[in-house]
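Working notes, beginning with the structure itself.
The values are calculated or read from the model by the stated rules, or taken from the named source; none is laboratory data. Just so you know, these numbers come straight off a predicted model, no measurement behind them. We place every Cβ from the backbone using ideal geometry, glycine too, and count neighbours over all the protein chains shown.
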Amino acid sequence: MASEPRYDLTQEERIRLYEQQRNERLSKKRKLKRKRFRARFIFLILIILILFGGIFFFRHCPVQKSPDSAVSSLLPVKKVSIGDIKVPGGYDAEFTPDTIKLSENDISSENAILINLDSNKVVCERDSQKIICPASMTKILTILVATEHMDNLEKQLNDDFTITREITDYSYEHNCSAVGFLDGETVPVKDLFYGTILKSGADAAVGLAVYSCGSLENFMDEMNKKLDELGLSDTAHFTNVVGLYEEDHYCTTYDMAMILKAALQNDWCREVLAAHTYTTASTTEHPNGITISNWFLRRIEDKESCGHVQCAKTGFVDESGNCAASYFISDSGTPYIAVTVKTYSGWKCIYDHVALYAHHTS
């Protein structure tokens with residue numbers, strides 16, 4: 001309640017009293033403003049701390065990645081099937097302090113990687129993150145993308161496809177290996193798959209691309225979309241379906257291991273990659289068919305590797321030397337993938353894979 005005015009004061013005293021009361025009111029207002037400012041400042045600091053804390057948590061908290069989304073590492077890792085074997089999903093094998101660094105004393109290939117698919121860890125490697133030309137290992141992705149673009153695989157494998165002059169010319173002009181299909185020859189689509197992998201035929205690979213996507217250009221778009229889907233597009237980009245050396249056709253040995261892992265999860269691709277020999281259908285041009293072989297599988301099967309190589313695809317261009325990607329199951333039942341690049345002979349490539357499997361698997 002306001003105090004009663006004092007009439008016994010002089011004019012000068014009343015002025016001093018008024019100023020004193022006014023200063024007291026102003027002082028209270030300033031104190032209140034300071035309290036409000038401090039409260040707002042503290043609130044702002046708390047908000048900033050919460051935001052930075054959240055950012056730190058999401059950046060540094062261990063996370064398990066999957067092809068579809070990132071999930072907490074506290075959740076169980078989704079398993080995928082490679083035939084009867086279950087392995088962790090995703091395309092992000094882990095480099096650990098236990099990953100062995102290989103040298104020229106261990107293998108002749110300049111780039112290499114061995115991945116334990118059961119633990120999803122890189123067992124050993126040599127410059128596995130260096131950009132390389134994948135050569136005909138490219139065709140692993142070729143058959144995977146073609147398979148995924150067939151709505152009715154079982155039926156479409158028996159469809160007829162006619163080899164065109166453009167397809168045979170492509171092989172000749174680029175000096176590619178070929179199955180030997182002739183201009184105008186009609187073959188089952190199934191033969192294109194086996195021809196792409198076992199004989200590494202450009203005639204088969206280009207035919208497969210045209211059949212499944214209508215043109216090489218459309219197929220290349222789908223191949224690079226697949227690389228992006230696998231999470232590899234930062235270090236992998238393809239410009240042709242056969243593995244010709246081109247400046248913008250590249251990946252790493254790590255990328256190729258992940259591509260092979262994706263292909264192995266597809267039953268049909270795995271079947272093609274596992275075939276040792278195959279004879280194409282009888283045609284007018286080839287009444288007895290054409291017998292083709294996966295020489296890598298045939299040459300490595302009797303080597304002491306402490307297990308069995310199930311699937312493989314080789315490659316060669318001058319820029320990548322002899323190279324190969326293979327899938328192996330050890331005697332103890334553990335699945336592995338190995339990729340090697342840049343050695344000077346097909347046999348050296350095989351023996352590098354034998355060395356990786358024999359000395360670094362269990």
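Test Asp106 against the stated conditions and say whether it is surrounded by fewer than 16 Cβ atoms within 10 Å (Cβ to Cβ) and modelled with pLDDT of 95 or more. Here the answer is no, as Asp106 does not meet what is asked. Out of Ala358, Ala281, Ala274, one residue alone is of a type in the set (Gly, Ala, Ser) and in contact (Cβ under 8 Å) with a residue 60 or more places away in the chain. It is Ala281. Taking residues in the stretch 143-166 that are under 22 Å from Leu227 (Cβ atoms), and partners anywhere that are of a type in the set (Asp, Glu) and in a helix (DSSP H, G or I), the pairs with Cβ atoms closer than 8 Å and at least 6 places apart or on different chains are Val145/Glu222; His149/Glu222.
The strands (runs of 3 or more DSSP E) located wholly in the stretch 73-189 that include 1 or more residues which are under 20 Å from Pro335 (Cβ atoms) and in contact with a Gly (Cβ under 6 Å, 6 or more places away or on another chain) occupy 79-82. Per the conditions (1) touching a strand residue (DSSP E or B) at 6+ places or on another chain (Cβ under 9 Å); (2) farther than 22 Å from Asn152 by Cβ; (3) assigned to a helix (DSSP H, G or I), the sole criterion not satisfied by Ala204 is (2). Scan the stretch 127-143 for residues that are buried (at least 23 other Cβ atoms within 10 Å of the Cβ) and farther than 15 Å from Ser200 by Cβ and the total you get is 2.
Only residues in the stretch 219-238 that are under 20 Å from Ala205 (Cα atoms) and at pLDDT below 95 count as the first member; pair them with residues that are assigned to a helix (DSSP H, G or I) and not hydroxyl-bearing (Ser, Thr, Tyr), Cβ under 8 angstrom, at least 6 apart or cross-chain, and list the lot. The qualifying pairs do not exist here.
Regarding Asp127, is this residue out of contact with any Phe, Trp or Tyr (no Cβ under 8 Å at 6 or more places or on another chain), at pLDDT 95 or above and at positive phi? In short, yes.
Per-residue answers, yes or no, for (1) at pLDDT 75 or above; (2) touching a strand residue (DSSP E or B) at 6+ places or on another chain (Cβ under 9 Å):
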site: Ser27; (1), (2): yes, no
site: Lys33; (1), (2): yes, no
site: Phe37; (1), (2): yes, no
site: Arg40; (1), (2): yes, no
site: Ile48; (1), (2): yes, no
site: Gly54; (1), (2): no, no
site: Val63; (1), (2): no, yes
site: Asp68; (1), (2): no, no
site: Val71; (1), (2): no, yes
